[in-house]
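Participant: Okay, here's the structure, questions in a sec.
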Amino acid sequence: MQNSYAELPNLVIRAANGVDFVYRDTGGHAEHTPIVLFQHFRGNLDYWDPALIDRLAQTRRVITFDNAGVGGSTGVPADTIEQTARDAIHFITAIGLTRTDLLGFSIGSFVAQEIAMRRPALVRRLVLASSAPKGAPGMHGWAPEVIGAVGKPETSAEDYLGIFFTESENSRQAGKETLGRIFGSRTQDRDETTDWATREAQYDAVCTWGIPDHATLERLAAIDMPVFVANGDSDPMILPHYSYLLAGLIPQARLKIYPDAAHGFLFQYHDEFATDVTEFLS
């Protein structure tokens, strides 16, 4: 039986850019294209919900990693999405993949878009969770309540719940269960916490990505592989209307909005989302 995500060892590989990337690899299912996951702002290997990873790993190889300067990986954290994508390509190449599926969450979805445009032969299918296109109006920085929750050195469980889940009883309960899995499933050999300098670099990248530029939106026509765009209907960090915009600009995109859900919809609906992703990738 395959080990759960919470039990996987932290692996290290040195890439051509000189970075020692820390990653986890579920292995198995060599008959299917593997999927590489890209994490949200401030997230590391242990901020993935193990329930989601385990569900995805039932049918395919799943790889998570810390990009340059994030968590346990060495190197300098990039302050642009473009450089973050270049670093990620170095990692993907280092582990020997020449063709892969990508799942990007939040800032990770920006990176996944950039890889799909920069290295299209590398990407078979693309999943964009809580995403927005570069240059979309209104994306230049986050709302004050979001900054107040995640844009400070220390955050609380209540901060996390307020952004990743809605105020409904069902969503908050799902959020508490998610936190229990994220922080309770793995108690030893946890990944290093992302430091403040990395968080600042990531937010610089987010703000630059969000500078309004109508012409930049036309780039998305270059993403010619199948794409699954998904979000919660009440995401305060990346508003759902950006998902509609994104899906409308990508030629082969399909869209799903999950009800009574916020930024962490993919954890709240981990089983349903994993089923949707698996069906899309198949």
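The values are calculated or read from the model by the stated rules, or taken from the named source; none is laboratory data. Just so you know, these numbers come straight off a predicted model, no measurement behind them. Note: ideal-geometry Cβ built from the backbone for every residue, glycine included; neighbour counts use all protein chains shown.
Participant: Please list, ordered by residue number, the strands (runs of 3 or more DSSP E) wholly in the range 1-56 having 2 or more residues that are under 25 Å from Ser131 (Cα atoms) and at pLDDT below 95. Steps first, please.
Facilitator: Numbers: elements: 11-14, 20-25, 35-38.
Result: empty, no element qualifies.
Participant: Just name the residue that is nearest to Ser109 (Cα to Cα) out of those in the range 64-93 that are touching a Gly at 6+ places or on another chain (Cβ under 7 Å) and hydrophobic (A, V, I, L, M, F, W, C).
Facilitator: Ala68
Participant: Among the residues of the range 30-40, count how many are surrounded by fewer than 21 Cβ atoms within 10 Å (Cβ to Cβ) and not β-branched (Val, Ile, Thr).
Facilitator: Residues in the range 30-40 being surrounded by fewer than 21 Cβ atoms within 10 Å (Cβ to Cβ) and not β-branched (Val, Ile, Thr): 3 in total.
Participant: Taking Phe91 as the residue in question, decide whether it is among the aromatic types (Phe, Trp, Tyr), modelled with pLDDT of 95 or more and under 30 Å from Lys176 (Cβ atoms). Explain how you work it out, then say what you get.
Facilitator: Working: among the aromatic types (Phe, Trp, Tyr): yes; modelled with pLDDT of 95 or more: yes; under 30 Å from Lys176 (Cβ atoms): no.
For Phe91, the condition - among the aromatic types (Phe, Trp, Tyr), modelled with pLDDT of 95 or more and under 30 Å from Lys176 (Cβ atoms) - is not met.
Participant: Separate question: Looking at the range 208-247, which of its residues are hydroxyl-bearing (Ser, Thr, Tyr) and assigned to a loop (DSSP other than H, G, I, E, B)? Break it down stepwise before answering.
Facilitator: The initial filter retains those residues of the range 208-247 that are hydroxyl-bearing (Ser, Thr, Tyr), namely 208, 216, 234, 242-244.
Correct list: Ser234 only.
Participant: Restricting attention to the range 109-125, which residues are assigned to a strand (DSSP E or B) and charged (D, E, K, R)?
Facilitator: Listed by number, the residues that qualify are Arg124, Arg125.
Participant: Moving to a separate point now. Does Phe91 fit the bill of being touching a strand residue (DSSP E or B) at 6+ places or on another chain (Cβ under 6 Å) and either over 22 Å from Gly210 (Cα atoms) or aromatic (Phe, Trp, Tyr) (or both)?
Facilitator: Criteria met by Phe91.
Participant: Could you tell me which numbered condition Thr98 fails, if it satisfies all but one of (1) at pLDDT 95 or above; (2) buried (at least 20 other Cβ atoms within 10 Å of the Cβ); (3) out of contact with any His (no Cβ under 7 Å at 6 or more places or on another chain)?
Facilitator: Failing condition for Thr98: (2).
Participant: Looking only at residues that are modelled with pLDDT of 75 or more and part of a loop (DSSP other than H, G, I, E, B) in the range 143-183, which one is surrounded by the most Cβ atoms within 10 Å (Cβ to Cβ)?
Facilitator: By that ranking, first place goes to Phe165.
Participant: Can you pull out the residues in the range 266-276 that are out of contact with any Lys or Arg (no Cβ under 7 Å at 6 or more places or on another chain) and over 13 Å from Asn231 (Cα atoms)?
Facilitator: Selection gives Thr275 alone.
Participant: Considering the range 231-241 alone, what residues qualify as being more than 17 Å from Glu145 (Cβ to Cβ) and either in contact with an Asp or Glu (Cβ under 9 Å, 6 or more places away or on another chain) or touching a residue at least 40 places away in the same chain (Cβ under 8 Å) (or both)?
Facilitator: Initially, the range 231-241 is screened for residues more than 17 Å from Glu145 (Cβ to Cβ), giving 231, 233, 241.
Result: Asn231, Asp233.
Participant: Take Phe228 and decide whether it is touching a residue at least 24 places away in the same chain (Cβ under 8 Å) and surrounded by fewer than 20 Cβ atoms within 10 Å (Cβ to Cβ).
Facilitator: So Phe228 fails the test.
Participant: Please verify whether the range 258-265 includes one or more residues that are in a loop (DSSP other than H, G, I, E, B) and surrounded by fewer than 20 Cβ atoms within 10 Å (Cβ to Cβ). Give the derivation first.
Facilitator: Quick first cut of the range 258-265, residues in a loop (DSSP other than H, G, I, E, B) only: 259-264.
Of the ones still in play, those that are also surrounded by fewer than 20 Cβ atoms within 10 Å (Cβ to Cβ) are 259-260.
Checked the range 258-265: at least one residue is in a loop (DSSP other than H, G, I, E, B) and surrounded by fewer than 20 Cβ atoms within 10 Å (Cβ to Cβ).
Participant: Would you say Gln83 is out of contact with any Leu (no Cβ under 6 Å at 6 or more places or on another chain), farther than 22 Å from Leu8 by Cβ, of a type outside the set (A, V, I, L, M) and surrounded by 24 or more Cβ atoms within 10 Å (Cβ to Cβ)?
Facilitator: So Gln83 fails the test.
Participant: Same structure again: So which residues in the range 1-29 are surrounded by fewer than 21 Cβ atoms within 10 Å (Cβ to Cβ) and charged (D, E, K, R), if there are any at all?
Facilitator: Scanning the range 1-29 gives Glu7, Arg14, Asp20, Asp25.
Participant: Right, something else. Considering only residues that are under 17 Å from Arg190 (Cβ atoms) and either surrounded by fewer than 19 Cβ atoms within 10 Å (Cβ to Cβ) or of a type in the set (S, T, N, Q) (or both), which ones fall in the range 41-65?
Facilitator: Matches in the range 41-65: Asn44, Thr64.
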